[in-house]
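Structure, as structure tokens:
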Amino acid sequence: MSIQITTLSNGLRVVSDHIPSVETVTLGVWLNVGARNEPKEINGISHVLEHMAFKGTKKRSAKDIAEAIENVGGYVNAYTSRETTAYYTRLLKNDARLGVDIMADILQNSTFQEDEFQREQSVILQEIGQTYDTPDDIIFDYFQETCFPHQPMGRPILGTSEIVSSLKAERVKTYMHNHYGAKQMVLAAAGNIHHKDFVAMAEDYFTNLKEDCHHKVEVAAYKGGEFRQTRDLEQVHVVMGFQGVPHKHEDYYAAALLSTILGGGMSSRLFQEIREKRGLVYSVYTFHSPASDAGIFGMYAGTSEEKANELLDVAASELKHFSSTHFEQDLVRAKAQLKASLMMSLESTSSRCEQLANQMHTYGTPLKATETLKKIESVTADHIKILADRLFSSAPTLATLGPIERVYGLEYLQKALA
């Protein structure tokens, strides 16, 4: 078996997937800590911390860290989500030890020097400003907040300019100490690396981690509602959504297939009806966004002010009447798409590494591809019909951004879906 797991004495879980046919390895640390773990007054601190981890350690400057990886042709990056923070690198197989050393160094020995902190603070403020200026990006923050109002799950990952501006380096350092424990981490690798060697590297370098960090997570409670913001834009940006299901829910794969049928590609129901037949949009797609204890099922589209109401009418009609239509062939196509996507992802060391880590956090163990394929194949049309009826009868969420003075609101959408 190529996938192996070892738990070190400090609680750090080490998982690897040996792929002898490649010359590279992707490795990194995934933590079950994200934006929803933050108190309201420091919203965005997880993302700030992710940036600061690369800005200098006790033995390496920010430039040293970048050069150490790039001098051997490697790539290093990180990201923050609402439930996860990840730090990872892709290297040639002979440079794996360097990768483990760098990951351990930034997570155990970051110095948070004030001059580096102030510079990176400015960079993050620019990132927040750029997101605000990108309507098809910021609309999802507004949508998320409307789905989960006054809750950690509804807050933006980047935080706000006001909060980020007020943060101090010492507070970020303290947050790291209080949330980055060995038991919150998974060290994962996929590629041409042997598990015993990977474990030995982990034991050599991850020697100074706090064992455990206890942090409470407020249970997410989907509410729904409406967000409207008038802006001088060329298009109206629309996100419509409903209460979805969490990762471990029995309807998880049915929800993924329903999303694929409705808006997962050029042959999907909404793409064909809204773009191909009516020419209402350039972009339209659906998504299922699951979390550990909640989920959202939604649709995004961008259109002109003149076409926005027709878009809402058509989308609502497609969702309302979906379960009464025949979609057996659509289901066959959707299953093929999901299965092909899964199998294609296994050809990437980066995708395999990320899957390993996320599955360890979600399920406690990696999932076999064969088991996932069986679960996808076992979903029936009746299962999807029942799920669709339940999802689309839940309280809707509607977020609109742009020239929306004449665009229908939530009350109209509720009536159209009834």
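Summary table below
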| read-out | value |
| --- | --- |
| Considering residues of the stretch 288-325 that are of a type outside the set (S, T, N, Q) and surrounded by fewer than 17 Cβ atoms within 10 Å (Cβ to Cβ) only, the residue farthest from PRO152 (Cα to Cα) | GLU306 |
| Yes/no for ALA388 being closer than 30 Å to ASN77 by Cα, touching a Phe, Trp or Tyr at 6+ places or on another chain (Cβ under 8 Å) and of a type in the set (A, V, I, L, M) | no |
| Residues located in the stretch 35-60, provided they are farther than 18 Å from GLU170 by Cα and not charged (D, E, K, R) | ALA35, ASN37 |
| One residue from ALA53, ALA35, ALA86 being more than 20 Å from LEU356 (Cα to Cα), touching a Leu at 6+ places or on another chain (Cβ under 8 Å) and assigned by TED's automatic domain parsing to the domain that holds VAL164 | ALA53 |
| Number of the exception - ALA308 against (1) out of contact with any Pro (no Cβ under 9 Å at 6 or more places or on another chain); (2) not charged (D, E, K, R); (3) not assigned by TED's automatic domain parsing to the domain that holds LEU12 | (1) |
| Exclusive hit being in the same structural domain as VAL407 (by TED's automatic domain parsing) and within 24 Å of the chain's Cα centre (by Cα), set LEU257, LEU280 | LEU257 |
| Residue check, THR349 within 20 Å of ALA256 (Cα to Cα), modelled with pLDDT of 95 or more and in the same structural domain as SER289 (by TED's automatic domain parsing) | no |
| The stretch 67-111, residues that are out of contact with any Ser or Thr (no Cβ under 7 Å at 6 or more places or on another chain), more than 20 Å from HIS179 (Cα to Cα) and in a helix (DSSP H, G or I) | GLU67, ALA68, GLU70, ASN94, ASP95, ALA96, ARG97, LEU98, VAL100, ASP101 |
| Residue in the stretch 121-148 that is nearest to ILE45 (Cα to Cα), counting only those that are surrounded by fewer than 16 Cβ atoms within 10 Å (Cβ to Cβ) and touching a residue at least 60 places away in the same chain (Cβ under 8 Å) | VAL123 |
| Search result, residues across the stretch 234-256 that are of a type in the set (A, V, I, L, M, F, W, C) and over 19 Å from LYS320 (Cβ atoms) | VAL236, VAL245, ALA256 |
| Residue match in the stretch 188-199 (condition: within 30 Å of SER122 (Cα to Cα), in the same structural domain as THR80 (by TED's automatic domain parsing) and either in contact (Cβ under 8 Å) with a residue 24 or more places away in the chain or within 20 Å of the chain's Cα centre (by Cα) (or both)) | no |
| ASP313 in contact (Cβ under 8 Å) with a residue 40 or more places away in the chain and more than 20 Å from VAL407 (Cα to Cα) | no |
| Of all residues making up the stretch 188-237, the number that are in contact with a Lys or Arg (Cβ under 7 Å, 6 or more places away or on another chain), among the aliphatic types (A, V, I, L, M) and surrounded by 20 or more Cβ atoms within 10 Å (Cβ to Cβ) | 3 |
| The listed residue being of a type outside the set (Val, Ile, Thr), crowded, with 17+ Cβ neighbours inside 10 Å and more than 30 Å from LEU417 (Cα to Cα), out of GLU347, GLU354 | GLU354 |
| Tally of residues being under 24 Å from LYS223 (Cβ atoms) and of a type in the set (Gly, Ala, Ser) across the stretch 245-268 | 5 |
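Yes/no matrix, rows are residues, columns are (1) of a type in the set (Gly, Ala, Ser); (2) touching an Asp or Glu at 6+ places or on another chain (Cβ under 7 Å):
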site: ASN10; (1), (2): no, yes
site: VAL14; (1), (2): no, no
site: ILE19; (1), (2): no, no
site: VAL22; (1), (2): no, no
site: VAL29; (1), (2): no, no
site: ASN37; (1), (2): no, no
site: SER46; (1), (2): yes, yes
site: ALA53; (1), (2): yes, no
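The values are calculated or read from the model by the stated rules, or taken from the named source; none is laboratory data. A quick note: this is a predicted structure, and the numbers were derived from the prediction, not measured. Positions of Cβ are generated from backbone atoms using ideal geometry, with glycine treated the same way; all protein chains shown enter the neighbour counts.
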